[in-house]
Amino acid sequence: MKFKLEKNDFPSFLQSLIDRYDLYAPVKLAEGVSIYKKIDHPDEVDLSILNPQKPAKDIFFPQSETMFRYEKVGKQNQMISMEEGKRDRILFGARACDIEAISIIEKVFVGEEYTDVYFLEKRNKTTIIGLGCNHPLSTCFCSSAGGDPFLRAGSDLFFIDLGEAYLVELLTEKGMAFHKNKFFRETDPKDLTLVKELEEKAFEKVGFSIPVDGIEKRLDLMVENPFWDKIHEKCIGCSVCTFLCPTCHCFDIVDETSKERGKRVRNWDSCLSALYSQETSGHNPRPSGRERMRQRLMHKFYYFPKNFHRIACVGCGRCILYCPVNFDIRQAIDLTSPKRIKKMKGEVI
Amino acid sequence: MIQQKIREIARELLTKKEVDLIIGFGEGTLPLRTTPRFMRNAEKTDRLIWNSFCENNLAVYLPKFSRFKVGLVVKGCDARSAVALSLEKRFKADQLFLIGVPCQRMVDRRKVKRAVRGEILQAREEEGILYIKGDGFETKLNREDFLYSSCQVCIHRTPLQANVLVDDPVEEYPLTEIHPEISAFEKRSSEERWRFFEKETSRCIRCYACREACPMCYCAECFVDSSRPKWIEKGLNSSDLQFYHVVRAYHQTGRCSGCGACERACPMEIRLTYLTQKLNQEVKERFGFETGIDRDAPPPLATFEAEDKQEFIK
C-alpha cells in the first residue's frame, strides 16, 4: 500500500509518532557527526548525513547495556531485573544497509539454540521505517554485498524522498497499522515514475564492482596464506571499523560493582583489540595484528556465511570512511580474487 | 620535487640494504587521503607519494618493528615522536633512518568537506590550490585556509632530527607560540570549560582510535584495559569517558609532539588537542622542554633537577 506524505506535514507526522511511541532517529551531535537517538522533538531529526556514524544496531544491541542489577540484602545478593521501556518503539530513517544488518545480527541473537532476550524484546517492540538512498556515497557497495539502496526487506514502512514529499510504502502487518494515518495522502502516478528514476540512478551509482561472490570459497583456502602477513600491517588496532560496523556484534560482559550493589553490563567488544582474545593464563591465541585482521575478515566473509548463509557485510562503507589509516575493505576483498592472489608476492595494499 | 626525492632515497636505502623496510605514504582510496605504506622492494618505491594529505604520524608503527631497521618518512612532528620513542627506549636510534620532509602542513579533510555541499569524489592540489570535484560540483579552495589546527600553530615543521632532509628547511612560523585555541579556552569560565569538555567527551565511543593512533601510547596494558586493579569501567558513563580523556591527555605530558594524530583518528570528531597542547605549553614554560627536539634530554616528568620549580610542595 502506497501513500504520500507532504514535507510540510512531516514534523507533525513525527510528533504524532513521538506522542505514541519511543521514536529513534538520526540526531546531529556535532558538525558531521550523528547517531541514532531517542527523539523528544521533531526538530532533532537530522537526515543530512547519509548514515550516522554509529549504526542502527545501537538501538537493538546498545553499545553498553545493563542486563540486571544486584544488591546486598543481609548476607545475600539479590538480583533485580531491568525494566524495558513500556512503549512500543519506532526506528525512523535507517537506510537499507543498516536494516539488512539488523536481520543479520538477528540470526545470531535469535537462534534455534539460544535467544537473547535483550535483543529480542527490543526487536519485537520496534517498527522499522526505512529510508531509500537517493544519493549513495562512493564508499557504498550494498549491491555487491547482497543488498541495494532501496531494499525494502526488514522495513515495516519505507520512505522515499521525492523532494517536496515522501512516498510511503506500508510493507508489513506492523506497517499496515499506519494505513489510516491522517497525514498520508493519495499518491500520483507521477510519483511512482519518479521513484523508479531515483532507484535506477542510485543503482547505477552503487554498481556491482566489489568481487564478493564466492569469497567464502576463496577464504577457505587462505587460512595460512601470506596474504595475512601483509594486509594487517597498516592497521593500528583501534575499534573504529568494528564498532561502527552494522553487523559486528561481539560483546564483553563485565560487572560494575561497589560494596553494596552492582550491575552486570555488556559492552561492545572488538576482535581487533589484543585484549579481546587475551586468556586468563596470559596466553593470547591471536597474538598479533595478523591474526586479528584475519579474524575480522574471516568472520565477515567465511565463518558467518558458513553458519548463516550470508556474508556479514552490508556494504555501508563506514569502516572505509572512518578508518584512521584508510584501510579499505573493498581492496581487501578485491585482493582475495583469484587473479590477484596469484600475482601477490610480498607486497600488498 | 619532494615526492621524487623520497622515492630515490627509499630506493637507495633498500637497494643498499641499509634498512629492512621503508614506511611511507601511498595513494589512498579516498579523496583527501593517503595511506601508510610498507615498502620492502626497491623496485616499487615509486608508489610512495607526498602531498598535503599525509596526515598520519608513522612513528606509531615503530614499536611494532623494533626488531627491524626502518626507514621512516617523517614530518617535523613525526620526527619528534620518533626521538621521544627512542628516548623512552622503545626503539634503538641506530635502527632508524628518518627521511625528513620539511612540512608544508597538512590539510584537514573534514574542514574541506564542511566547505562544500555534497560528496567529494576527487581532490588534487597544485601550487597551494585544492581542486575539488564532487557529486555535481567543482570548486577551487585555497589550501592554507584548510590546514589542521595542530599544523596552524606548529613551529617545528622541519624535522631537523632526520638523517636526511628531502628539501630545504621551511621558514618556521608563526613564531609567537600562543595557541589561539588554548587562549580562547582559557578565557572561558571554569563552568564553560567544563561544559565544553563534557560535551566533547560525551560523544566518545571508546574505540580508542586516539590511543592507537598516538605513537606515545604504547603501554603493554593501558590503564583502561587493566582488570586488576580495575581503574575504570568499560561502558559509556560520562564519568568514565571523562576519566579516560583526562588520563589519556595527562599521560602525554612532556611526551606529546602535538602532531594531532589523536584528533584526526577520532570518528566522532572529538576535540582533543586543546588538552595536550595546553600541557605542551605548560611543560615548555616550566621545564624549557619540547618533546623530541633534543636527542639527549630526558622527558621532564621522567627526571628531576635541583632547580626544578617546587612551588607545588606546600
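The values are calculated or read from the model by the stated rules, or taken from the named source; none is laboratory data. Computed from a predicted structure; not experimentally measured. Ideal geometry is used to build each Cβ from the backbone, glycine not excepted, and the neighbour counts take in all protein chains shown.
Here is a list of conditions, (1) within 11 Å of chain A (Cβ to nearest Cβ); (2) surrounded by fewer than 22 Cβ atoms within 10 Å (Cβ to Cβ), and B:Met1 meets all of them except one; can you say which number that is? Looking at each condition in turn, B:Met1 falls short on (1). For beta carbons closer than 9 Å, sequence separation of 6+ or different chains, a first residue in the stretch A:157-181 that is under 18 Å from A:Tyr21 (Cα atoms) and a second that is in a helix (DSSP H, G or I), the qualifying pairs are A:Leu157/A:Lys174; A:Leu157/A:Gly175; A:Phe158/A:Ala96; A:Phe158/A:Gly175; A:Leu170/A:Met176; A:Asn181/A:Phe13; A:Asn181/A:Ser16. Pick from the stretch A:232-273 the residues that are in contact with a helix residue (DSSP H, G or I) (Cβ under 6 Å, 6 or more places away or on another chain) and not in a loop (DSSP other than H, G, I, E, B): which of them is nearest to the other protein chains (Cβ to nearest Cβ)? Out of the qualifying residues, it is A:Val240.
Assess whether A:Val325 counts as being surrounded by fewer than 22 Cβ atoms within 10 Å (Cβ to Cβ), within 12 Å of another protein chain (Cβ to nearest Cβ) and either in contact (Cβ under 8 Å) with a residue 12 or more places away in the chain or more than 18 Å from A:Glu65 (Cα to Cα) (or both). Here the answer is no, as A:Val325 does not meet what is asked. Based on what the data block shows, is B:Gly26 within 14 Å of another protein chain (Cβ to nearest Cβ) and either in contact with a strand residue (DSSP E or B) (Cβ under 6 Å, 6 or more places away or on another chain) or touching a residue at least 24 places away in the same chain (Cβ under 8 Å) (or both)? Taking the combined requirement at face value, the residue satisfies it. Filtering the stretch B:13-68 to residues that are closer than 12 Å to B:Leu96 by Cβ, part of a loop (DSSP other than H, G, I, E, B) and over 22 Å from the mean Cα position of the chain (by Cα) leaves B:Glu18, B:Val19, B:Asp20, B:Phe68.
Scan the stretch B:76-84 and give yes if some residue there is more than 21 Å from B:Ala265 (Cβ to Cβ) and surrounded by fewer than 22 Cβ atoms within 10 Å (Cβ to Cβ), otherwise no.
So in the stretch B:76-84, the residues more than 21 Å from B:Ala265 (Cβ to Cβ) come out as B:83.
With surrounded by fewer than 22 Cβ atoms within 10 Å (Cβ to Cβ) added as a condition, the list becomes none.
Checked against the condition, which is being more than 21 Å from B:Ala265 (Cβ to Cβ) and surrounded by fewer than 22 Cβ atoms within 10 Å (Cβ to Cβ), the stretch B:76-84 yields no hits at all.
Does A:Met298 satisfy being aliphatic (A, V, I, L, M), touching a Cys at 6+ places or on another chain (Cβ under 7 Å) and modelled with pLDDT of 95 or more? When the stated conditions are applied, A:Met298 does not pass them.
Residue-wise test of (1) part of a strand (DSSP E or B); (2) out of contact with any Cys (no Cβ under 9 Å at 6 or more places or on another chain); (3) not basic (Lys, Arg).
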site: B:Arg117; (1), (2), (3): no, yes, no
site: B:Leu121; (1), (2), (3): yes, yes, yes
site: B:Leu130; (1), (2), (3): yes, yes, yes
site: B:Lys133; (1), (2), (3): yes, yes, no
site: B:Thr139; (1), (2), (3): yes, yes, yes
site: B:Asp145; (1), (2), (3): no, yes, yes
site: B:Ser150; (1), (2), (3): no, no, yes
site: B:Cys154; (1), (2), (3): no, no, yes
site: B:Thr158; (1), (2), (3): no, no, yes
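Looking only at the stretch B:58-88, how many residues end up being out of contact with any helix residue (DSSP H, G or I) (no Cβ under 8 Å at 6 or more places or on another chain) and aromatic (Phe, Trp, Tyr)? So the answer is 2. Here A:Lys38, A:Lys57, A:Lys4 are screened, and the one residue that is buried (at least 21 other Cβ atoms within 10 Å of the Cβ), charged (D, E, K, R) and more than 28 Å from B:Val112 (Cβ to Cβ) is A:Lys57.
Looking across the stretch B:188-209, the residues that are more than 18 Å from B:Arg248 (Cβ to Cβ) and either among the acidic types (Asp, Glu) or surrounded by fewer than 12 Cβ atoms within 10 Å (Cβ to Cβ) (or both) come down to B:Ser189, B:Ser190, B:Glu191, B:Glu192.
If you check A:Lys72, A:Lys86 for being among the charged types (D, E, K, R) and part of a loop (DSSP other than H, G, I, E, B), only one passes: A:Lys86. Among the helices (runs of 4 or more DSSP H) confined to the stretch B:168-235, the ones with at least 1 residues that are small (Gly, Ala, Ser) and within 14 Å of another protein chain (Cβ to nearest Cβ) are located at B:190-202, B:209-213.
Let's see how each residue does on (1) more than 30 Å from B:Leu130 (Cβ to Cβ); (2) surrounded by 19 or more Cβ atoms within 10 Å (Cβ to Cβ); (3) assigned by TED's automatic domain parsing to the domain that holds B:Leu98:
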{"position": "B:Arg7", "(1), (2), (3)": "no, yes, yes"}
{"position": "B:Leu13", "(1), (2), (3)": "yes, yes, yes"}
{"position": "B:Glu18", "(1), (2), (3)": "yes, no, yes"}
{"position": "B:Glu27", "(1), (2), (3)": "no, no, yes"}
{"position": "B:Leu32", "(1), (2), (3)": "no, yes, yes"}
{"position": "B:Thr35", "(1), (2), (3)": "no, yes, yes"}
{"position": "B:Arg40", "(1), (2), (3)": "yes, no, yes"}
{"position": "B:Arg47", "(1), (2), (3)": "no, no, yes"}
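Residue by residue, here is whether (1) within 14 Å of chain A (Cβ to nearest Cβ); (2) surrounded by 18 or more Cβ atoms within 10 Å (Cβ to Cβ); (3) touching an Asp or Glu at 6+ places or on another chain (Cβ under 9 Å) holds:
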{"site": "B:Leu87", "(1), (2), (3)": "no, yes, yes"}
{"site": "B:Arg90", "(1), (2), (3)": "no, no, no"}
{"site": "B:Leu96", "(1), (2), (3)": "no, yes, no"}
{"site": "B:Gln104", "(1), (2), (3)": "no, yes, no"}
{"site": "B:Val107", "(1), (2), (3)": "no, yes, yes"}
{"site": "B:Ala115", "(1), (2), (3)": "yes, no, yes"}
{"site": "B:Ile120", "(1), (2), (3)": "yes, yes, yes"}
{"site": "B:Arg124", "(1), (2), (3)": "no, no, no"}
{"site": "B:Gly128", "(1), (2), (3)": "no, no, yes"}
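Considering only the stretch B:243-266, I want to know if a residue exists there that is among the aliphatic types (A, V, I, L, M) and in contact (Cβ under 8 Å) with a residue 40 or more places away in the chain. The answer is yes, given that some residue of the stretch B:243-266 is among the aliphatic types (A, V, I, L, M) and in contact (Cβ under 8 Å) with a residue 40 or more places away in the chain.
Among the residues of the stretch B:236-251, the ones that are more than 25 Å from A:Ile35 (Cβ to Cβ) and either within 13 Å of another protein chain (Cβ to nearest Cβ) or assigned to a helix (DSSP H, G or I) (or both) come to 1 in all.
Right, B:Ser238: polar (S, T, N, Q), under 15 Å from the mean Cα position of the chain (by Cα), closer than 29 Å to A:Leu321 by Cβ and assigned by TED's automatic domain parsing to the domain that holds B:Gly76 or not?
no
When the stretch A:119-149 is limited to residues that are in contact with a helix residue (DSSP H, G or I) (Cβ under 6 Å, 6 or more places away or on another chain) and part of a helix (DSSP H, G or I), the one that is farthest from A:Val314 (Cα to Cα) turns out to be A:Lys122.
Against the condition within 14 Å of chain A (Cβ to nearest Cβ) and not β-branched (Val, Ile, Thr), how does B:Gly254 come out, does it pass?
In short, no.
Condition check for A:Leu50 on (1) at pLDDT below 95; (2) within 23 Å of A:Leu157 (Cβ to Cβ); (3) surrounded by fewer than 19 Cβ atoms within 10 Å (Cβ to Cβ): one failure, at (3). Only one of the listed residues (B:Cys219, B:Cys210) is assigned by TED's automatic domain parsing to the domain that holds B:Lys89, at pLDDT below 95, under 18 Å from the mean Cα position of the chain (by Cα) and closer than 26 Å to A:Ser64 by Cβ. That residue is B:Cys219.
Of all residues in the stretch A:26-69, those being under 13 Å from the mean Cα position of the chain (by Cα), free of Cβ contacts under 8 Å to residues at least 12 places away in the same chain and part of a strand (DSSP E or B) number 0. More than 14 Å from every other protein chain (Cβ to nearest Cβ) and surrounded by 18 or more Cβ atoms within 10 Å (Cβ to Cβ), is that true of B:Ala162? Criteria met by B:Ala162.
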